1. I'd like the full set of residues that are among the aromatic types (Phe, Trp, Tyr) and buried (at least 19 other Cβ atoms within 10 Å of the Cβ), limited to the range 17-54.
2. Where the second residue is surrounded by 19 or more Cβ atoms within 10 Å (Cβ to Cβ) and the first is assigned to a helix (DSSP H, G or I) and lies in the range 43-54, which pairs have Cβ atoms under 6 Å and are six or more apart or on separate chains?
3. Name every residue in the range 29-80 that is over 14 Å from GLU9 (Cβ atoms) and of a type in the set (S, T, N, Q), in order of residue number.
4. Identify, please: which residue in the range 1-16 is in a helix (DSSP H, G or I) and surrounded by fewer than 15 Cβ atoms within 10 Å (Cβ to Cβ) and is, among those, modelled with the lowest pLDDT?
5. Just checking, how many residues over the range 1-42 are under 19 Å from LYS77 (Cβ atoms) and in contact (Cβ under 8 Å) with a residue 40 or more places away in the chain?
6. For the range 55-71, give me each residue that is of a type in the set (A, V, I, L, M, F, W, C) and either in a loop (DSSP other than H, G, I, E, B) or loosely packed, with under 15 Cβ neighbours inside 10 Å (or both).
Amino acid sequence: MNKNEELNELFGRKLRLLRMSRGLSQEELGHLSGLHRTYIGQIERAEKNISLKNVGKIAKTFDLEVQELFNFSDIYKANINKFKK
């Protein structure tokens, strides 16, 4: 897995974790953030390379700072073997 693919997968896992922890469906998150539900799913499955503009929309929806979406420590702890460098 190359670094871009790894970043997309980590971001997708983080997004799914945040969405589910708030009890939102992909459709609800899409509506709240102004993005299409299928795009949310594609991000979560690491099929799309999300733009910074859309990262900002998602951060705002979750009432987070953008950099908080890139804190993957919780993801690394859960998947220590998969994401070893």
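The values are calculated or read from the model by the stated rules, or taken from the named source; none is laboratory data. Computed from a predicted model, the values in this text were never measured in an experiment. Cβ sites come from the backbone with ideal geometry, for glycine too, and all protein chains shown count toward neighbours.
1. Applying the first criterion (among the aromatic types (Phe, Trp, Tyr)) to the range 17-54 yields 39.
Within the range 17-54, none qualify.
2. ILE43/GLY12; ILE43/LEU15; ILE43/ILE50; GLU44/GLY12; GLU44/LEU15
3. Scanning the range 29-80 gives SER33, THR38, SER51, ASN54, THR61, GLN67, ASN71, SER73.
4. The qualifying residue modelled with the lowest pLDDT is ASN4.
5. 8
6. Across the range 55-71, the qualifying residues are PHE62, LEU64, VAL66, PHE70.
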